[in-house]
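The values are calculated or read from the model by the stated rules, or taken from the named source; none is laboratory data. Being a predicted model, the structure only gives us computed values, none of them experimental. Neighbour counts are summed over all protein chains in view; Cβ atoms, including those assigned to glycine, are modelled from backbone coordinates with ideal geometry.
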Amino acid sequence: MPDRDYPRILEAPPGPNARALIERDERVMSQNFRKDYPLVVSHGRGAMVEDVDGNRYLDFAAGIAVTATGHCHPDVVAAIRAQTERFLHMCATDFFYENVVALAEGLARRAPGPGPWRVFFANSGAEVVEAAIKLARLRTGRQKIVAFYGAFHGRTFGAMSLTASKPVQRKGYAPLVPEVLHTHYAHCYRCPVNREPATCSVQCLDLLTETMFGTTVDPSEIAAVIVEPVQGEGGYVVPHPGFLPRLRELTRKHGILLIADEVQCGMGRTGRLFASEHFGLEPDIVTLAKGIASGLPLGALVARDEVMQWNNGGHGSTFGGNPVSVAAALATLRLLEGGLIENAGRVGARLIEQLRARLGRHPAVGDVRGLGLMIGVDVVRDRGSRTPAPELRERILEEAYRRGLLLLGCGKSTIRLAPPLIIDDQDADTAARILDEAIGAVTA
Ligand SMILES: Cc1ncc(COP(=O)(O)O)c(C=O)c1O
């Protein structure tokens, strides 16, 4: 295996340069989010991030599952450079240009289910979720949208109203968008009835049909159900195999559009371009962002042709489909199709096995689960009760950072592993080892 010059901790982080920058940040930046640990980035290459004091980290956070091709992949950088020589902006709502059409063709060609498909481009995940809500209401003439507990769809008003991941994400912002209902996701890992998804006989969706449809809502009033094929922010929860097919069956039966929010689980992260493919799910609308352009801002709403029919002027965006972001996305898609999707599936499956074997010795590890390189490790007070242990999780994240591994949290007390899709077995082994040691050190 090749030698690596990372992780490399020269002095305990945060070093003096990092501390100086954090002080400036505290004086002038909006303090809306307490960071898990004080990483101050200087630059990154591939799966390595170097901080302003010369410490090098193995990046298993990828800017919240964004830098799919790693930091500054040469092909992506070259594509961005070439586009910056031609034009930086034109507005895809008002004018035509080639690369945005090429990207739409690429996504439409690969979309999960029979086409034809059309694509609308925006700048972020929340923006495409907003577009999906508008489109679903417009096309069905219905108002209600059903989302799932644990879901995260973004922080703008429509997207926030669908989000049900943490109360703080909504607290103080009411009134939210009306006619949004929530029901239970396939929370197999916390299910008191059956903890083994493969043999599960419990129909999570009976809660939707019997409770919601049977008591409060006639399904003919529902415009859309929005679902993350693998729940992200809510804890990297993989539903049991029957959940999404059954949801598709139900929505079809009642003329309800099915929106697959693949902002986090899409673009190859799970070992398929679309996570929906793992479940044979054929949604009506798919939302994409995060990994799509390896770090440049871009969101894509992909919908079946008969659904993507707007009133002329009924939707648009000044920056959506920016040509520089699109150039990065085209290079990203080429790399994904050229081997990175397959790499994510292979390295991810091996890493999940390795984590299960290594972390099983820690009573504080309640579960290891995932698909491809979308992996969650539950931190619990004790494995028997599976009681979440959020403070312990925070300490493990910080300890891993001090040892040169960048991770993030999600859910109540899950550690999320979301590395760039370029990592190899050596990177995966290093991450498993450091996480194992960090848990050992914190729980000793
Ligand atoms: C599934 C999902 N949808 C939507 C969003 C919102 O994306 P953005 O932060 O780009 O607005 C996120 C962000 O984490 C997400 O994970």
Query raised in the report: From 146, 128, 119, which residue is within 16 Å of the ligand (Cβ to nearest atom), in the same structural domain as residue 177 (by TED's automatic domain parsing), in contact with a strand residue (DSSP E or B) (Cβ under 7 Å, 6 or more places away or on another chain) and assigned to a strand (DSSP E or B)?
Result: 146
Requested in this report: Look through segment 149-163, keep the residues that are crowded, with 18+ Cβ neighbours inside 10 Å and assigned to a helix (DSSP H, G or I), and return whichever of them is nearest to the ligand (Cβ to nearest atom).
Outcome: 159
Requested in this report: Please find, within segment 247-262, the residue that is surrounded by the fewest Cβ atoms within 10 Å (Cβ to Cβ) out of those that are more than 16 Å from the ligand (Cβ to nearest atom) and among the β-branched types (Val, Ile, Thr).
Outcome: 251
Query raised in the report: What about residue 102, is it of a type in the set (Gly, Ala, Ser) and buried (at least 18 other Cβ atoms within 10 Å of the Cβ)?
Result: no
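Every residue, every condition in (1) more than 16 Å from the ligand (Cβ to nearest atom); (2) touching a residue at least 12 places away in the same chain (Cβ under 8 Å); (3) surrounded by 24 or more Cβ atoms within 10 Å (Cβ to Cβ), yes or no:
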{"position": "293", "(1), (2), (3)": "no, yes, yes"}
{"position": "299", "(1), (2), (3)": "no, yes, yes"}
{"position": "320", "(1), (2), (3)": "no, yes, yes"}
{"position": "335", "(1), (2), (3)": "yes, yes, no"}
{"position": "339", "(1), (2), (3)": "yes, no, no"}
{"position": "351", "(1), (2), (3)": "yes, yes, yes"}
Report task. Show the residue pairs that are 6+ apart or on different chains and have beta-carbon atoms under 6 Å apart, the first residue being within segment 17-28 and within 14 Å of residue 39 (Cα to Cα), the second being among the aliphatic types (A, V, I, L, M). Result -> 17/52; 18/40; 18/52; 21/40
Report task. Taking residue 141 as meeting all but one of (1) more than 12 Å from the ligand (Cβ to nearest atom); (2) buried (at least 23 other Cβ atoms within 10 Å of the Cβ), write down the number of the exception. Result -> (2)
Report task. Give the residue that is nearest to residue 258 (Cα to Cα), with candidates limited to residues of segment 84-116 that are assigned to a helix (DSSP H, G or I) and more than 27 Å from the chain's Cα centre (by Cα). Result -> 98
Query - Residues being polar (S, T, N, Q) and over 16 Å from residue 434 (Cα atoms) - total across segment 335-361 - result: 1
**Report entry** From the options 92, 62, residue that is in contact with a helix residue (DSSP H, G or I) (Cβ under 9 Å, 6 or more places away or on another chain) and over 14 Å from residue 296 (Cα atoms)
**Finding:** 92
**Report entry** Tally, over segment 47-93, of residues that are touching a residue at least 24 places away in the same chain (Cβ under 8 Å), more than 16 Å from the ligand (Cβ to nearest atom) and farther than 26 Å from residue 20 by Cβ
**Finding:** 21
